[in-house]
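Heads up, the thing below is written out as structure tokens.
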Amino acid sequence: MARHQKWSYRNDVKAALLTNNYTPPARVLQLAAELPINLIKDVLRSGRVSSNVKNCLLAVLEKRAIRG
């Protein structure tokens, strides 16, 4: 699904991939860069992400806050 022509563009699919333990860290960063900030925060609030993914998502949010 992550590479499917139709499904890979959906934000809900991207968010679900962030919660998948088998999604590689590089892909997590790529997906997070494509998602709106509020959706990233929702994923973090869900509590279903590993500590590595949580750290990646927090870094993306911090980077976006700096860019403003």
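The values are calculated or read from the model by the stated rules, or taken from the named source; none is laboratory data. Fair warning: this is a prediction, and the values are worked out from it, not measured in the lab. Counting neighbours? That spans all protein chains shown, and the Cβs are built from the backbone with ideal geometry, glycine included. Note: accessible area is taken over every heavy atom of the protein model, side chains too, but ligands, DNA and RNA are not part of it. Shrake-Rupley method; radii C 1.70, N 1.55, O 1.52, S 1.80 Å.
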>> So if I average 1/r over every pair of distinct C-alpha atoms in the chain and take the inverse, what Kirkwood radius in Å does that give?
In response: 11.9
> Reachable lysines from Lys6, Cα under 16 Å, same-chain residues fewer than 8 places away excluded?
Replying inline: Lys14
>> Explain nothing, just compute: Karplus ³J(HN,Hα) = 6.51 cos²θ - 1.76 cosθ + 1.60, θ = phi - 60°, for every residue of region 33-40 in order, whole Hz, x for Gly and Pro.
In response: 5, 8, 9, x, 4, 5, 6, 4
>> As a test of the formula, what do you get for the chain when each DSSP H run with n ≥ 4 contributes -39,500 (n - 2.57) and the sum is divided by the residue count, at 222 nm and rounded to the nearest 500 deg cm²/dmol?
In response: -20000 deg cm²/dmol
> What does the accessible area per residue of the chain come to in Å², with a 1.4 Å probe and no ligands, DNA or RNA counted?
Replying inline: 72
> Per the 1.4 Å probe, what fraction of the accessible area of the chain, in percent, lies on carbon and sulfur atoms?
Replying inline: 53
> Under a point spin-label approximation (7 Å from Cα along Cα-to-Cβ), what is the Asn11-Lys41 distance to one decimal in nm?
Replying inline: 1.3
> Any idea how far apart Glu34 and Glu62 come out in nm if each label point goes 7 Å out from Cα toward Cβ?
Replying inline: 2.5
